[in-house]
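Taken together, the values in this text are just the output of simple stated rules run on the coordinates, not laboratory data. Since we're looking at a predicted model, the values are computed, not measured. Glycine gets a Cβ as well: all are built from the backbone with ideal geometry, and neighbour counts include every protein chain shown.
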Amino acid sequence: MKLSNIMSTNPVFLTPAHTIRQASQVFIEHEIDGAPVADEQGRMIGLLTKSHIYKVFAQGGDPNTAVGQIMATSVKTGRPDEKVSDLIKRSVGRLPVVDQDQVIGMITRSDLAYAYFNSFMCLSNEQQTILDATHNLIVAIDKDGRINLLNRSAERFLGIKSTEVLGQEIMQVIPNSGLVETLATGCPQPVQKIRLKDSLFISNRTPIFEDGEIVGAVAVLQDISELENISRELENVKELNREMDAIIESSYDGLYLTNGEGITLRVNEAFENLTGVPGSEMVGHNVEDLVRERGIVSESVSALVLKERKPVTIMQRTLAGRMALTTGTPVFDRKGKIFRVVSNVRDITELMQLKQQLEQAQGLSKHYESELRALQMQYDGAPKMIAGSRVMKELLENVTRIAQVDSTVLITGESGTGKELVAETIHTSSPRRNGPYIKINCGAIAKNLLESELFGYDPGAFTGAKKGGRAGYFELAEGGTILLDEISELPFSLQANLLRVIECKEIIRVGGEKTIPVDVRVIAATNRDVAQLVASGQFREDLYYRLNVVPMEVPPLRIRKDEIPLLAAHFIKLFNKKYDLHKELLSDAIDDLMNYNWPGNVRELENVIERMIVTIPRDVLTGQDLPINLKNPLRQDIHPQISVEGVLPIRDAVEFVEKEIISHAYSRYRVTREVAKQLGIDSSTVLRKAAKYGISLTDPPKDNE
C-alpha cells in the first residue's frame, strides 16, 4: 500500500505570517492537530503542530507571535509512491506528502493507525485462508492447553465448527493429539502416528516460542489412509512388475520392445542368446540403426510395423546365424498413435533343419511308395495289370508317379493293348481313388447327344429333356477321374467346350447360363495318331496340347512277348474261376502263342484263351487246340502279292510298290510311329510319303489284311 492511498488530500496550509492565535482557530475549525507552513510559491518551509502552540501558551508567550518564529523547520516528509510499511520503522506523528516541493497531502496518526489495522486484517485473512486451504489438519493451542486455531480441513474431518471449540481444552476435543505433551516438554515431536475416527494420521507437533517462552503448540496432521492404500497398490504394482519380469525372462521366445519412434526399450535374455548381442548394447538405440550398422537381424519387423500400422510376420536371420520367425504387434494409445511395438521372436533354426530332414524323408517315402506300388502292381497288388517286360515295368513306374499329380494324361496305343486298364490304374493309385471313376467312349455315343451326356442340361433345354434337368458325366465325376476313351472321335464342335473344362475347371450345362465348378481329373485315350489329326485339321491343336501334358503310349503285345506266358496264366486262372473249371495250358501251346504277332494285342489273347476254355472239353490244353491261324505262325509273315502287268518305268514301279507297302503297314499298325519303326524310316518320312501317295491314315484295314 502506498502513502497516496491513505493520505488526506487538500491539506490546510499556514503561512509564516499567520499568528499563533490564527493558527489555533484554523486547527479548531478543521479539527486538525497540525498543518504545513508554505511560502508564497506553495513550497513547504516548516510544520506547525498543537504542541508548538501549547508550548508558547505554557511559557506565557504572545498569541500574536508569527508562526514562522515557532514552527519546526526540520520536517520529515514522504513521497506519494512510498510504501506505508516503510513508516513502521520510522517514528512519525504527522507526515506531509510532498511531490516536487509541493505538499499534496497529509498523513496523521489516525491515518497510520487505520492503515496498520487494515494491513493486519489483510495479513490475518491471508494466513487464515492459507490455513483453511491446506489439505492437512492443523490444530493449535495456547500455553494453557486451550484451542486457539482449528483450520477448515480439521473442521470438516472432526465435524465441528471452530467457533464451537475455540477456547476449549484440547483434551476435551482431541484427547490423543499429543499437543499437551509437546507443550510440557517444549520438544518437537515429528512423524507421530495417531488414529482419529478410524483414520490413520501422521502428526508433526511443534512448540511455539515467543521471547524464549513457550506460548503454545501446533500440530499438523496428514491423513495417510490414502497413502497406505497407495502403498499397498504400489507393492502390488511392484509384485506385478516382478512377475512380468520373471515371465519375460523365462520366455523361450525372444521378446523385443520399442517405443513409437523405434527406440529399443527392452530385450529379454532369449533375444540376447538369439543375436549374441548384450541387451545393454541395444537398449536406447533405434532398430533401423541396429540393423543397418550392427546387422543384429537381417530385417527389422518393428520398422515394418511402424510403417504399416498393423501386425507383421517375417523371417529373420540373426547376427549369430540363427533363423527366427518374428511377429511384431503395434500397441496404440487412446489417440490411435503407436506408442509401443512388441516383437515375439521364435528360434526356428532346428525347426528348419527338421523340415529339411522331413522333406528328405518324405521324398524318400514317396520314392519307396512309388517303388512299392510298382512292385505291387507288377506282382500281386494289381491283378489286372501284368508287367513282365522291361517296357511295361517302365510304364508302371510312370503310372505310379503320374498318379500322384492331377496332370492331364493322353494314353495312346493300338486297340486291345490295355489303355483303359492303364487309366484305371492311374485312378486307383491316385489321391482321388475314393472318388468316382467314370469311363466315356466318345465314339459310342451319338454326336447329337454327346454334349448333354458330358455336360448335362437344364430344364427345357430341348424337346424331351427331363423336367428337373440332368447332371452330366463331368458333374458325376466330381472329386474323381473321368476317362474320355476314343477322344479322337469327339466332334470338332465339342472340342472347344472340353478345352474350357480343362482350362477353367468349370462347365455350362446345355441350355444353361451359369457356370458350375468341377474338380475332375481328365484322362484321354485313343488308338489313332492325334498329332496327324491335328495336322489334317480334324482335331484342335490347343486341345491336343492340353490333353498331351503327360503322354503315355501302351506298347503292343508283339514287342512285349515276354508277358504272353504271364498273361496266358492270368487268363486261364480268371476263366477257370469264372466258369468253375480246372483247365491248364501246356508249354507247346505257350510256344505257339509266343510265335504269333497278335494284331489284336492283349484283347485278342484274352479272347483266344476264353474260346479254348469254353470250347475244348479236356482239362489239358495243347498247341493243337489253338485256332488255325495261330498253329501256323509263318502265314502271318507272308507278304501280300504285288502283280505287275506290262512294262513300266522303274521309278513308277518303285513308287507303286512303296505306296502298297506303306498302305499295308498303316492298315496293320495304324500308329505312325509304329509304321515308321517297322519300315525303318522316320515318322516325318512316313507322313510325307503318305501325303504324296494320297494315303488316308484313317482308312479301315483292307479285306485281305
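Efficiency by 1/(1 + (r/R0)^6): what FRET value for residue 259 and residue 335, r their Cβ-Cβ distance, R0 = 22 Å, to the nearest 0.05?
Details: r = 15 Å, r/R0 = 0.68.
Here the calculated transfer efficiency is 0.90.
For a Förster distance of 41 Å, can you work out the FRET efficiency between the beta-carbons of residue 66 and residue 116, rounded to the nearest 0.05? Let's see the in-between values first.
Values: r = 36 Å, r/R0 = 0.88.
Efficiency, from the Cβ-Cβ distance: 0.70.
What is the extension gain from residue 466 to residue 447, computed as 0.36 nm multiplied by their sequence separation minus the C-alpha to C-alpha distance, in nm to one decimal?
Working: separation 19, 0.36 × 19 = 6.84 nm, distance 1.93 nm.
So the extension gain works out to 4.9 nm.
Excluding residues on the same chain fewer than 8 positions from residue 193, give the lysines whose Cα lies under 28 Å from its Cα.
Qualifying lysines at Cα under 28 Å: 143, 161, 238.
Just tell me which lysines come within less than 29 Å, Cα to Cα, of residue 505; anything on the same chain fewer than 8 places away is out.
366, 419, 439, 447, 466, 467, 514
Taking 0.36 nm per residue of separation and subtracting the Cα-Cα distance, what length does fully extending residue 160 through residue 492 add? Walk me through the numbers on the way to the answer.
Numbers: separation 332, 0.36 × 332 = 119.52 nm, distance 11.06 nm.
Full-extension gain reported as 108.5 nm.
Go through 256-268, 59-71, 132-144 and give me the packing order, highest mean Cβ count within 10 Å leading.
On the way: 256-268: 19.0, 59-71: 13.8, 132-144: 17.1.
Averaged packing, sorted descending, gives the order 256-268, 132-144, 59-71.
For segment 408-494, take the convex hull of the Cα atoms, compute a quarter of its surface area, and give me that in nm², please. Each step should come with its number before you reach the end.
Details: hull surface 26.3 nm².
Convex hull of Cα atoms, orientation-averaged projection: 6.6 nm².
Among 332, 282, 256, which residue has its Cα positioned farthest towards the positive end of the charge dipole of segment 251-347, with +1 placed on the Cβ of Lys and Arg, -1 on the Cβ of Asp and Glu, and the dipole taken about the Cα centre?
Value: 332.
Pull out the extension gain between residue 325 and residue 681, defined as 0.36 nm times the separation in residues minus the alpha carbon to alpha carbon distance; nm, one decimal.
Working: separation 356, 0.36 × 356 = 128.16 nm, distance 6.14 nm.
So the extension gain works out to 122.0 nm.
Using the 2.2 N^0.38 Å rule of thumb for compact globular proteins, work out how the chain stacks up: its C-alpha Rg over that value, please.
On the way: Rg = 62.2 Å, N = 705, 2.2 N^0.38 = 26.6 Å.
The chain yields a ratio of 2.34.
Identify the trypsin sites (Lys or Arg not before Pro) of segment 289-363 meeting these criteria: DSSP loop state and at most 16 other C-beta atoms within 10 Å of the C-beta.
Details: sites: 292, 294, 307, 309, 317, 322, 334, 335, 337, 340, 346, 355; in loops: 309, 322, 334, 335, 337.
Those satisfying the criteria are 309, 334, 335, 337.
Rounded, prolate or oblate: which one fits segment 134-227, using the alpha carbon gyration tensor with axes a ≥ b ≥ c (rounded when a/c is under 1.5, else prolate when a/b beats b/c, else oblate)? Don't jump to the answer; show the numbers that get you there.
Values: a/c = 1.92, a/b = 1.29, b/c = 1.48.
Verdict is oblate for segment 134-227.
Expressed as a fraction of 2.2 N^0.38 Å, the rule-of-thumb size for a compact globular protein of N residues, what is the C-alpha radius of gyration of segment 168-309?
Working: Rg = 28.6 Å, N = 142, 2.2 N^0.38 = 14.5 Å.
Here the Cα radius of gyration is 1.98 times the empirical estimate.
Enumerate by residue number the trypsin sites (Lys or Arg not before Pro) in segment 162-215 meeting two conditions: DSSP loop (anything except H, G, I, E, B), and at most 15 other Cβ atoms within 10 Å of the site's Cβ.
Working: sites: 193, 195, 197, 205; in loops: 197.
Those that pass, being in a loop and sparsely packed, are 197.
Under a cut-off of 20 Å between alpha-carbon atoms, report the lysines in cross-link reach of residue 677, not counting same-chain residues fewer than 8 places apart.
Filter leaves 561, 659, 689, 692.
So what's Rg/Rh here for segment 251-347, counting alpha carbon atoms and using the Kirkwood radius for Rh?
Numbers: Rg = 12.1 Å, Rh = 12.9 Å.
We get a ratio of 0.94 for segment 251-347.
Any chance you could tell me what percent of the C-alpha pair distances in segment 557-637 go past 15 Å?
Numbers: 1656 of 3240 pairs.
Roughly 51 percent, once rounded to a whole number.
Starting from the Cα of residue 406, step 7 Å along the direction of its Cβ; do the same at residue 433; then give the gap between the two resulting points in nm.
Placing both labels 7 Å along Cα→Cβ, they lie 1.9 nm apart.
Run the dipole for the chain about the Cα centre, Lys and Arg Cβ at +1, Asp and Glu Cβ at -1, nothing else charged, and hand back the magnitude in debye, nearest 20. The partial results should precede the final answer.
Numbers: 82 positive and 95 negative charges, 191 e Å.
Roughly 920 debye, rounded to the nearest 20.
When the Karplus curve 6.51 cos²θ - 1.76 cosθ + 1.60 is applied with θ = phi - 60°, which whole-Hz ³J(HN,Hα) does each residue of segment 180-186 get, with x for Gly and Pro?
Rounded to whole hertz, the list is 5, 5, 4, 5, 6, 8, x.
So for the chain: antiparallel DSSP bridges make up what percent, rounded to the nearest 5? Before the final figure, lay out the partial values.
On the way: 71 of 94 bridges.
Counting only bridges with both partners in the chain, antiparallel ones make up about 75 percent.
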